[in-house]
1. Would it be correct to say that GLY84 is assigned by TED's automatic domain parsing to the domain that holds LEU16, over 22 Å from LEU29 (Cα atoms) and assigned to a helix (DSSP H, G or I)?
2. Suppose we filter THR199, THR226 for residues that are at pLDDT 65 or above and either closer than 30 Å to LEU263 by Cα or of a type in the set (Val, Ile, Thr) (or both); which single one remains?
3. Consider THR137 carefully, then state whether it is hydroxyl-bearing (Ser, Thr, Tyr) and under 24 Å from the mean Cα position of the chain (by Cα).
4. Looking at segment 251-281 only, could you name the residues that are in a strand (DSSP E or B) and under 17 Å from LYS219 (Cα atoms)?
5. Could you count how many residues in segment 159-191 are surrounded by 12 or more Cβ atoms within 10 Å (Cβ to Cβ) and either within 16 Å of TYR128 (Cβ to Cβ) or aromatic (Phe, Trp, Tyr) (or both)?
6. If I ask for residues that are of a type in the set (D, E, K, R) and without any contact (Cβ under 8 Å) to a residue 12 or more places away in the chain, which ones from segment 1-60 would you list?
7. Would you pick out the residues in segment 4-36 that are among the polar types (S, T, N, Q), part of a helix (DSSP H, G or I) and farther than 24 Å from LEU89 by Cβ?
8. Output the residue which, of all residues in segment 1-23 that are loosely packed, with under 14 Cβ neighbours inside 10 Å, of a type outside the set (A, V, I, L, M) and within 23 Å of PHE113 (Cβ to Cβ), is modelled with the highest pLDDT.
Amino acid sequence: MAGIKLKINASFWLFLALALYFKRGFFALTYTLAVLLHECAHYVVARKLFYRCQQIQLGIFGAVLYGEFDSVTATDRIKIALAGPLTNLALCLLCFALWWMFPESYPFTQDFFQANISMACVNLLPFYPLDGGRVVTGILQQKRDVDATHIVKKVTVAFSLLLFALFVVSLFTRHNLFNLGLFATFLFTGAYSKPIGQTYVKSAYVFAKSYFVAHGMEKKTLVFTTKNTLADVAKRMQGNYLYALEVVNDDMQVVACYSIAELEKIIITKPIFTQLKDLKR
């Protein structure tokens, strides 16, 4: 997990204080472990696919791996999103195995099982910013050329408003659905929030050095016109390859060449929608 930073928000300490007040401290710790393992799974898969992630934030709603998902390919988006819930389900199976072999472990692992099964089920819901919403976004991107993220966010907002309406109605009944209102607020704010300073960009050169030395990697040269953007380039940087870049004009004459290291530095440091004609060497 080298190179990844963990930031603990003030809201997490509020969550922990409330858990201790209601004598649910052990569950809070097991839940925190479950969400951290969930996000670490995202991180590991992202690194295997040669993406660069900078920070995991721990807050009242759990842990979040921040990154720029706009330039991630549809297939990679699906793989990274599914890594978290599948890890939680695998941990649930591990708990079943422990209960079968060591029944006396049940009281100590029950909370951990509940935390993982709830993490998996909730995150597979098809709403942004949950993992299920990211999977749906990736599938829509594969099927048709649409603004998939915008569509999923609009559906999320509509669903969150419906949930919040049910919460308001519950206030006038014997059933106070406070958790439902909290979840609706999370979905609504998550659909519109845009974290500052997030980085989730293709970085094969940075993370593949040891692999390259040990096993060797193929080199590919991408060719784009001056009118294309870095986002266009990033979308083509798929698989276990090292990429160089040639920029051509309308007459197909090469006007600029970028080595593997130069291209990786540009992708990481420049705005993703910068046109190639505006790159400064």
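1. The answer is no for GLY84.
2. Residue meeting the stated conditions: THR226.
3. yes
4. Passing the criteria: CYS257, TYR258.
5. Residues flagged as surrounded by 12 or more Cβ atoms within 10 Å (Cβ to Cβ) and either within 16 Å of TYR128 (Cβ to Cβ) or aromatic (Phe, Trp, Tyr) (or both) within segment 159-191 amount to 15.
6. Across segment 1-60, the qualifying residues are LYS23, ARG24, LYS48.
7. SER11
8. Once the filter is applied, the top-ranked residue is LYS23.
The values are calculated or read from the model by the stated rules, or taken from the named source; none is laboratory data. Model, not experiment: these values are computed from the prediction. Using ideal geometry, Cβ is built from the backbone for each residue, glycine included, and neighbour counts are taken over all protein chains shown.
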